[in-house]
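The values are calculated or read from the model by the stated rules, or taken from the named source; none is laboratory data. Computed from a predicted structure; not experimentally measured. Glycine also receives a Cβ, built like all others from the backbone with ideal geometry; neighbour counts cover every protein chain displayed. Note: accessible area is taken over every heavy atom of the protein model, side chains too, but ligands, DNA and RNA are not part of it. Shrake-Rupley method; radii C 1.70, N 1.55, O 1.52, S 1.80 Å.
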Amino acid sequence: MKKLLFILIICVPAMSLAQTKTNKIVMIVSSYGKDMGKTRPGFDMDEFSQAYQIFKANGLVVEVASPKGGKVEPGQFNKDKPYHKIVLQDSSAMKLLNQTKPTSILHAKDYDALYVVGGKGPMFDLVVDPSLQDFILDMDSRQSIISTICHGTIALANIKKDNKYLIENKLITGYSNEEEAMFGKTGSEFPFLLEDRLILRGAKYKKDGAMLPNMLKDGNYITGQNPYSTTLVAEEIIKSLGKTPVNRTKYKDELSMELVKKAVLGDMTLAQAELKNNSLNYDLELIAVYGYYQAMFAKDDIEKIKKGTAIIELVIPYYFNEDLYIPLSEYYLKSGNKTKAIATLNEVLKKNPGSEKASNSLKKLSISIAKPGQ
């Protein structure tokens, strides 16, 4: 009997220590936020909620820290999103956000990984927090997992090791200048842009298209470009800890941006077929808005305008929004397709006969077409 017990003791650990070990992660958030971002921008709740749930579902012990400690405030966010509803009702999660640890008391030996949440706030406080810099440097010396998302990557920018910047020659990503120009409401208030600073520090900065999911791994560093890269980063952390991420149902916005990326990369037929069969699984408004922004910021680049309108066209059979259809007619006109421009405006009037915007746009378009030489 004793011999059998001895064999069990020797053999059981071989099953997989990594799968049975309880790992500990600290999520770093900005202390800068005030009045839900109205007075000062805070951390990004999307990047917190989605990652927190993945960490918790995979058995990680989660702590939350900030430069000042205590209660922290995110920027504005949509409380109706499913991942936010879950976190807002999770008393443990809310306690962590109301009683964050100050970064000054963190010790690298206590954690297997760190995850820096983005949002605009980090550009003002995480970038200059000496305690956080010391903590990250200590985590690096232990080859622990160092991960960031979006603007959270700025926490790495000022750290030096052996008189060189820590991120020199490291493959990393973060919120791009293009994303800042298109979606950064407070970007003009920053003393510098994230992409510029990372490149200045010698990082091998690599980005994907604006708001497309993008995660990079370089050794023990895991970085994500934007909010839609959050789940990729969180699950890569789980894998890097030697675990297999538990199965989960992906969120609508997550699935939507994955589909948009496939369409942008040229697999438009697949995207069309997927929406035809499963349109209810996607955030159709999000897909349409993405196309709208792409076309709007294309300015006079006809090819980019066509790519933007092609994304909007993906959801036209399943989604109607007058405020998107009318600009769509203008994009068609810019790209030289007057037939589609007129058809789009007529479609608006068919669904909303009282639309003054559509009527006026159609009248102007008709007058333009009637002019000699048009």
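Brief remarks on what is shown
- Accessible area of the chain divided out per residue, in Å², using a probe of 1.4 angstrom: 50
- The peptide list 87-100, 225-238, 309-322, put in order of mean Cβ contacts within 10 Å with the highest first, becomes 225-238, 309-322, 87-100.
- Cβ-placed point charges (K, R +1; D, E -1), dipole of segment 29-137 about Cα centre in debye, nearest 20: 340
- When the solvent-accessible area of segment 201-333 is split by element, carbon and sulfur atoms take up 50 percent of it, the probe being 1.4 Å.
- For K250, a cut-off of 13 angstrom between C-alpha atoms picks up these aspartates and glutamates, skipping any fewer than 8 places away in its own chain: E235, E258, D283.
- Out-of-range pairs (alpha-carbon distance over 23 Å; input K307/K334; K81/K351; K68/K109; K252/K306): K81/K351; K252/K306
- Sulfur and carbon atoms: percent of accessible area, segment 19-58 [1.4 Å]: 44
- Cβ crowding within 10 Å averaged over residues, with 144-155, 269-280 ranked highest first: 144-155, 269-280
- The separation of segment 311-328 from segment 68-111, counted between C-alpha centres, amounts to 37 Å.
- When the Cα positions of P245, L270, S256 are compared along the charge dipole of segment 236-315, P245 comes out farthest toward the positive end, with charges on each C-beta of Lys, Arg, Asp and Glu.
- Look at the dipole of the chain built from charges on Cβ: of S366, Y282, F43, the Cα furthest out on the positive end belongs to Y282.
- Only Lys, Arg, Asp and Glu carry charge here, each on its Cβ (+1 for the first two, -1 for the last two); on that basis the chain has a dipole of about 460 debye about its Cα centre.
- Cβ crowding within 10 Å averaged over residues, with 132-139, 347-354 ranked highest first: 132-139, 347-354
- Its alpha carbons considered, segment 211-311 gives a radius of gyration followed by a Dmax of 15.5, 49 Å.
- 12 Å Cα-Cα reach of K38 towards aspartates and glutamates, excluding residues that sit fewer than 8 places from it in its own chain: E73
- Computed over the chain: relative contact order in percent, which uses C-alpha pairs under 8 Å that are six or more apart: 11
- The residue among G118, I145, G202 whose Cα reaches farthest toward the positive pole of the charge dipole of segment 85-243, with charges on the beta-carbon of Lys, Arg, Asp and Glu, is I145.
- Percent breakdown of C-alpha pair distances by 10 Å bin, ordered from the shortest bin, for segment 145-228: 19, 55, 23, 3
- Cβ-derived FRET efficiency at R0 30 Å, T249 paired with N337, nearest 0.05: 0.15
- Here mean projected area of the Cα convex hull in nm² was computed from the coordinates, and among [x] 16.7; [y] 24.6; [z] 17.8 the match is [y].
- Taking each DSSP H run with n ≥ 4 as -39500 (n - 2.57) and averaging over every residue of the chain yields -14000 deg cm²/dmol at 222 nm.
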